[in-house]
Structures are given as C-alpha cells and as structure tokens.
Amino acid sequence: MALVDGFGRQHDDLRVSVTDRCNLRCAYCMPEEPEWFPRERILSFEEIERLVRLLVADGVRKVRITGGEPLVRSGIESLVGMLAAIDGVEDLSLTTNGVLLDRLAEPLRRAGLRRLNVSLDTFRADRFAELTRRDQLDRVLAGLVAARDAGFERIKINTVLMPGVNDDEVEEIVERSRREGYEVRFIEFMPLSNGSWDPARVLSGDKVRERIEARWPLTPDPAGDPHAPATRYLFTDGAGAVGFINSVTAPFCSNCSRLRLTSDGHFRVCIYDNNEVDLKTPMRAGASDESLREQVVEALSRKTRGGALEIVEKQAALPLARTMHQIGG
Ligand code: SAM
Ligand code: SF4
C-alpha cells in the first residue's frame, strides 16, 4: 500500500514527536506556562516503534525525531537505536534546541543517529534569553561543539528570522556558521498561532539571500533536491552552503511528502490540518496492524491541497487546535 494522496503526492517523510515537553519556552512555539500532556497520554517507545514500522512498510524512508524537545525524553538514545534498526529507514535525523546535546551527542551518535538539526535563532545571549525565555545560550553552544566532537557531519542550524527581532543578525550568523563549519537554514516565520495573520512578521527568504549574496557570492547547489523544502546554495569560495526554507512566500505544498505523528499518537497529514486520526486509542485497544494502516490511508486520502497555500490565499492564519510544541515542528 503506497502512501499516495488524492493529488498524487507520494509520502516518504515522517516527523515523529516524542514529547510535548521542553526546557525552553520559545514565544512563537508555546505559552510561558504550558500544560504538559499527562505521561500516560504519551506513546511509549514500543508504541512509537510499532507505528513507525507500519508506515515504513508503506513507503516512509525518512524519519525525523522532534518534539517538544526530544532530548528531554529520558532514554531517547534507546528510541534512536530502535528506529535506526528498522529495515527501510534510510535517513534518521533529529531536531533539537541543543541544550542537552553536550551530554547526549555521543550516546545519540553511538545509537545510530547520523544527522542533527539544531534550532538557534540568535548567537546573542541576551536575545536568546528573551526569545526562549531561558538563559541557556552557553549550553547550546557547548552542545554544538559536542556534536561535532561526536562525529556528526554537516550539522544544520535552523534559524527563524523575524523582522525587528533578529534580522539584524543575518550576516553575523552566516559568518559564524561558515567559520565553525555549520550549515545555516533560514526559515520564514510561520503563522501558526490562532492570532491574526501579520505579513510584517515574515521576512522573505529571497531578500535574505540577496543580503548574503552581497557579501558572499552564492551559486545554486547543482545537487540540490528540487523536492526538499530548503533551497540550498553553495558559497562560491567553497566555505560550505546555506539554505532557505521559504515556507510562507513560496509554499512547497505541491511537493509535500510529509506526515506527522504527535507525541500522543495522533496521525497528522499536514501541520496546518486539524483533522487528525487518533491511532493510540485503537492501538491500546488491540487494533491490528491492518486496521491501523487502513486509518492512515483513509486520512491521507482526505489530505487537502495544502495548508500553507490556503494561508497565503486567504491572508489569514488557520486556527490550529494545537500549538507547535504539541504538533512537532
Ligand atoms: N525543540 C526542538 C527545536 O526547537 O528544534 C524541536 C521542536 S521545534 C517545535 C521544531 C522547529 O519548529 C524549531 O526549529 C522551531 O524554530 C520551529 N518553529 C516553532 N514555531 C515556529 C513558527 N511559528 N514559525 C517557524 N518555525 C517555528
Ligand atoms: Fe522548545 Fe523547540 Fe518550541 Fe523552542 S521551538 S519552545 S525549543 S519545542
């Protein structure tokens, strides 16, 4: 059974949120005092493994572990080992805020993780504290070094740029990443809250690229994957690459290959689509693999043209039933 929706899009990319909890409180992602899901609501590692196996049997090849903050889930390296051992998983990666990487980079690598994305919107300590409501930049920087020491290659830094908040730092971030050997990907701020759409909060990736090019000439990566959300450019001087995820100014819905599993076991076909399917309840009631797969395929058949496209057309944020940390970014 292939994971193809009504628009012919093949889905091979799964994001698995392993917790809604986090050790930071980024304002664009969660409230200052979130209410966490009770423990029993969260899938066990065995339950996650079973659902990932099912989806891999149907064509998923890339699995990204996310959250909440995945590294606050105790024993995360065991889960990495379990998912890395699934036949058919060709690309296992993890997105983290980096705070706990200094002690977990090595065990994660040993467990079979090959790719890491670290989210970091600023290299300035005071700004970091303001954006994340926690004074932890030093830990993240130590985590990045630990990840390199543990043997992770091409570590990516994901930076959400917001006008008037951190857009003055573009050149500084690029300079530092080039020097230290990280690949930055600039991400447009996405209207994920229930608040009104505010185009003033989106800094177009094209404008950012022009600014970077004025100082460091770029050339499109000839090996770039046209289906990947990030458009990758190489620095012509050979000092690595930079990527742009223009999720708002150039939505990539028509090429979407992503599926999501929330930490409480709901299957989501689009970050913006609230029509989730609860797989945990039937699974805990003894549902067969076949009946879980049927629910997955049925949900996929209802996938719409694309949430990001709708937002751009309506110029309005879609009302989300969950905040980002509960979905899994
Ligand atoms: N805690 C991990 C982290 O921060 O990398 C993983 C989960 S976090 C929800 C995943 C990504 O979502 C982060 O890179 C974060 O910057 C991004 N994110 C959260 N809210 C966003 C928004 N409104 N617009 C764009 N990106 C957002
Ligand atoms: Fe936590 Fe990541 Fe959300 Fe920041 S973006 S609050 S680090 S889950």
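Worth pointing out:
- Selected residue (criterion: farthest from ligand 2 (Cβ to nearest atom)) from residues of region 317-329 that are within 16 Å of Glu188 (Cα to Cα) and either modelled with pLDDT under 75 or touching a helix residue (DSSP H, G or I) at 6+ places or on another chain (Cβ under 7 Å) (or both): Ala317
Per-residue answers, yes or no, for (1) assigned to a loop (DSSP other than H, G, I, E, B); (2) within 29 Å of Phe252 (Cβ to Cβ); (3) in contact with a His (Cβ under 7 Å, 6 or more places away or on another chain); (4) not polar (S, T, N, Q):
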site	(1), (2), (3), (4)
Leu14	no, yes, no, yes
Arg25	yes, yes, no, yes
Glu47	no, no, no, yes
Leu51	no, yes, no, yes
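- Among the candidates Asp264, Asp278, Asp225, Asp237, the residue that is modelled with pLDDT of 80 or more, out of contact with any Leu (no Cβ under 6 Å at 6 or more places or on another chain) and buried (at least 18 other Cβ atoms within 10 Å of the Cβ) is uniquely Asp264.
Let's see how each residue does on (1) surrounded by fewer than 19 Cβ atoms within 10 Å (Cβ to Cβ); (2) basic (Lys, Arg); (3) within 17 Å of the chain's Cα centre (by Cα); (4) within 29 Å of Val170 (Cβ to Cβ):
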site: Leu43; (1), (2), (3), (4): no, no, no, no
site: Gly59; (1), (2), (3), (4): yes, no, no, no
site: Gly68; (1), (2), (3), (4): no, no, yes, yes
site: Val80; (1), (2), (3), (4): no, no, yes, no
site: Ala85; (1), (2), (3), (4): yes, no, no, no
site: Leu94; (1), (2), (3), (4): no, no, yes, yes
site: Ala105; (1), (2), (3), (4): no, no, no, yes
site: Arg110; (1), (2), (3), (4): yes, yes, no, no
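- Test: Val80 is within 16 Å of ligand 1 (Cβ to nearest atom) and among the β-branched types (Val, Ile, Thr): yes
- Selection within region 81-106 - of a type outside the set (Lys, Arg), more than 16 Å from ligand 2 (Cβ to nearest atom) and under 19 Å from Asp149 (Cα atoms): Ala105, Glu106
- When Cys270 is tested against (1) more than 23 Å from Leu203 (Cβ to Cβ); (2) modelled with pLDDT of 95 or more; (3) within 16 Å of ligand 1 (Cβ to nearest atom), exactly one condition is not met: (2).
- Among (1) at pLDDT 90 or above; (2) surrounded by 14 or more Cβ atoms within 10 Å (Cβ to Cβ); (3) in contact with a Pro (Cβ under 9 Å, 6 or more places away or on another chain) - the single one Phe252 does not satisfy: (1)
The values are calculated or read from the model by the stated rules, or taken from the named source; none is laboratory data. Everything quoted here is computed from the prediction, not taken from an experiment. All Cβ positions, glycine included, derive from the backbone under ideal geometry; neighbour counts span all protein chains shown.
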